[in-house]
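Participant: If you scroll down you'll find the structure; I have some questions about it.
The values are calculated or read from the model by the stated rules, or taken from the named source; none is laboratory data. Quantities reported herein were computed from a predicted structural model and do not represent experimental measurements. Note that we place each Cβ from the backbone using ideal geometry, even for glycine, and neighbour counts take in every protein chain shown. To get the accessible areas, we keep the full protein, side chains included, count just its heavy atoms, and leave off ligands, DNA and RNA. Shrake-Rupley method; radii C 1.70, N 1.55, O 1.52, S 1.80 Å.
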Amino acid sequence: MVKRLEEMSRRELLKLFGISVGAVIADSAAWPRNVQAQSKKITPRGTARNVIFIQNCGAMSQNETFDFKETKWTAKDLNIQKVNSEFLISKTLFPQYERWAPKAAVVRTLWENSLVHFTGMYHSQAGRAFNPAIIREVPAFGSVVAYELEKERKPSDTFPTYMSVDLWNTRCPQIGSGMLHPKFAGLDLNTSTVFDSFAGGDAKAEVDLARRWEVLNRISEASPSGSGNSLGGKADEYGAHYEYAYKILMDPRFKKVLNVTDEERQRYGVDKDKGTCKLGLAMLLARNVLASDAGTRFMWVSNAYNGNNGAADNHDQIYGRGALAPRGFLLPIYDSVPRLDAAVGSLIEDLSKMPGKEPGKTMLDETMVVIGHEFGRTPDMNLNFGRDHWGPAYTDVFIGGGVKPGRMIGKTEGGKSIDHGWAYKQQPMKDHVTATVYSALGIDYSKKFEKTPSGRAYEYQQTAPLGGPSFIPLTDIAELFV
């Protein structure tokens with residue numbers, strides 16, 4: 001039986017939308033006021049209107065997937081195909097690769113210092129290495145996108161600029177807006193509840209204005225004082241989430257976002273997905289949210305499956321089948337990769353057929369899709385027939401939004417970079433993936449906030465990260481676009 005919203009506990013209400021409130025400094029005096037460029041002048045590319053960032057949780061092995069390398073451990077049934085002269089792919093694992101792979105560009109020489117899932121996921125979400133000293137003031141880089149694109153919002157926009165799907169169920173959940181205004185925190189949707197709770201036209205399941213408004217006003221429960229006025233702290237971020245949830249519920253476009261056909265579910269692989277979080281539904285939400293043109297420009301999609309580190313954390317039995325197949329939070333590569341392939345392939349195919357905002361352009365022309373990872377997997381198998389964490393070289397994938405199809409950036413051998421594939425002596429990092437997203441959206445990634453709560457300048461793209469190399473170049477990954 002579906003509960004009425006006023007009957008739900010605060011915890012249930014938050015879970016309904018997948019809300020996970022991270023660190024936030026809500027005092028308006030702490031919000032940065034001075035934004036200026038760093039020493040290097042940057043001209044952002046502005047090739048994309050939207051971005052869908054797919055967080056492929058668990059660090060999927062690049063050796064079997066996006067940077068295929070045949071070794072003595074490689075399974076014999078992978079049926080390797082040639083996408084182009086430098087891009088080999090397994091048709092067994094990616095049976096629908098022809099729908100997306102010819103449109104993809106691949107960066108194979110990314111370097112990651114952190115080899116723990118939480119900090120690796122944090123680095124992806126924050127766009128910078130984990131620094132516990134200033135964790136409360138660092139926003140998700142999606143929040144920075146929302147801050148930068150605020151000036152482009154229309155009066156009719158009710159959806160937040162930054163939204164995510166199933167980020168609540170990852171090792172590093174939503175980190176919040178940090179020192180930025182809580183309205184930039186983003187709103188996380190939960191595929192295990194949002195369709196059942198809000199889709200369909202059953203009158204008994206409809207929630208009227210009074211109940212919705214009551215939910216909005218219940219943010220007072222998050223206040224230590226019990227007052228709904230000037231809550232401060234995390235309660236302000238709860239308030240921002242509730243406000244967005246209320247506006248979305250009242251917008252008829254949200255019903256259309258949840259209007260997913262049985263044919264689409266089957267095509268996106270939802271029916272075969274056994275996970276708590278359905279990747280196919282997440283991709284359909286991302287597609288529909290952007291197509292609704294209700295204000296959202298940046299979608300973060302977490303391939304979370306059953307939570308924990310992610311389905312691809314294959315330290316054991318990476319090729320396991322039957323009795324040897326991983327269970328619980330994990331999937332063998334024979335299951336996890338086709339699950340990703342069906343969802344991504346359908347998303348790319350649909351975006352390529354949908355009209356964009358500009359005449360003559362498709363949604364894919366205007367939307368950059370990124371498949372990102374925490375780090376890579378060891379080139380050698382361990383004693384449990386799995387692959388362990390690996391930072392010296394891993395692979396991310398980029399499609400659409402001005403990215404040039406077929407670019408294979410960097411070369412690896414023995415799990416290490418032998419040609420970084422760009423003009424710098426340092427390997428590219430997550431920081432450069434972040435700068436690439438900023439640049440594609442027309443955001444100057446050389447900007448920095450001068451007045452921060454800690455007094456340390458916050459650079460949109462760091463050049464001297466804590467715990468990393470002494471210097472990394474201030475640049476996007478230009479080779480993706482030329």
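Participant: Kindly provide the trypsin sites (Lys or Arg not before Pro) of segment 67-124 that DSSP labels as loop, not H, G, I, E or B, and whose Cβ sees at most 10 other Cβ atoms within 10 Å. The partial results should precede the final answer.
Facilitator: On the way: sites: K69, K72, K76, K82, K91, R99, K103, R108; in loops: K69, K72, K76, K91.
Of the trypsin sites (Lys or Arg not before Pro), the ones in loops of segment 67-124 whose Cβ has at most 10 other Cβ atoms within 10 Å are K72, K76.
Participant: Collect residues whose amide H, placed 1.01 Å from N in the peptide plane, falls under 5 Å from the amide H of F53; neighbours closer than 5 in sequence don't count.
Facilitator: When sequence neighbours closer than 5 places are left aside, the close amide H contacts are M299, W300, V301, V370.
Participant: Would you pull out the residues with amide H under 5 Å of S90's amide H, same chain only if 5 or more places away, H placed 1.01 Å from N?
Facilitator: Distant-sequence amide H within range of S90: Q81.
Participant: If you roll a 1.4 angstrom probe over the protein chains with everything in place, what fraction of the accessible area of segment 292-373 belongs to carbon and sulfur, to the nearest %? The partial results should precede the final answer.
Facilitator: Numbers: 1430 of 2610 Å².
Here carbon and sulfur together make up 55 percent of the probe-accessible area.
Participant: How large is ³J(HN,Hα), in whole Hz, for each residue of segment 469-474 in order, when computed from phi with the Karplus curve 6.51 cos²θ - 1.76 cosθ + 1.60 and θ = phi - 60°, using x for Gly and Pro?
Facilitator: x, 5, 8, 10, x, 7
Participant: Distance cut-off 21 Å, Cα to Cα: go down the list K41/K447; K72/K430; K154/K357 and report the pairs above it.
Facilitator: Values: K41/K447 10 Å; K72/K430 31 Å; K154/K357 14 Å.
Correct reply: K72/K430.
Participant: Using a 1.4 angstrom probe on heavy atoms only, work out the carbon and sulfur share of the accessible area of segment 62-178 in %. Let's see the in-between values first.
Facilitator: Working: 2260 of 4220 Å².
C and S atoms contribute 54 percent here.
Participant: Another question, then. Run the numbers for K416 and A199: contour at 0.36 nm per residue of separation, minus the present Cα-Cα distance, in nm.
Facilitator: Details: separation 217, 0.36 × 217 = 78.12 nm, distance 4.75 nm.
That pair, K416 and A199, stretches by 73.4 nm at full extension.
Participant: What's the whole-number percent of alpha carbon pairs in segment 307-409 lying beyond 25 angstrom?
Facilitator: Working: 1909 of 5253 pairs.
Within segment 307-409, distances greater than 25 Å cover 36 percent of Cα pairs.
Participant: Shifting gears a bit: Debye sum, Cα scatterers, segment 345-482, no solvent: what log₁₀ I/I(0) at q = 0.09, 0.15, 0.22 1/Å?
Facilitator: Debye intensities relative to I(0), on a log10 scale: -0.36, -0.90, -1.35.
Participant: Extending each Cα 7 Å along its Cβ direction at E150 and N34, get the distance between those two points in nm, one decimal.
Facilitator: According to this spin-label approximation, the distance is 1.9 nm.
Participant: For segment 378-482, what does the accessible surface come to per residue with a 1.4 Å probe? Please give it in Å². Walk me through the numbers on the way to the answer.
Facilitator: Values: 3920 Å² over 105 residues.
The answer is 37 Å² per residue.
Participant: Here is a follow-up. What whole-number value in Å² describes the accessible area per residue of segment 35-135 for a 1.4 Å probe?
Facilitator: On the way: 4070 Å² over 101 residues.
Dividing the accessible area of segment 35-135 by its residue count gives 40 Å².
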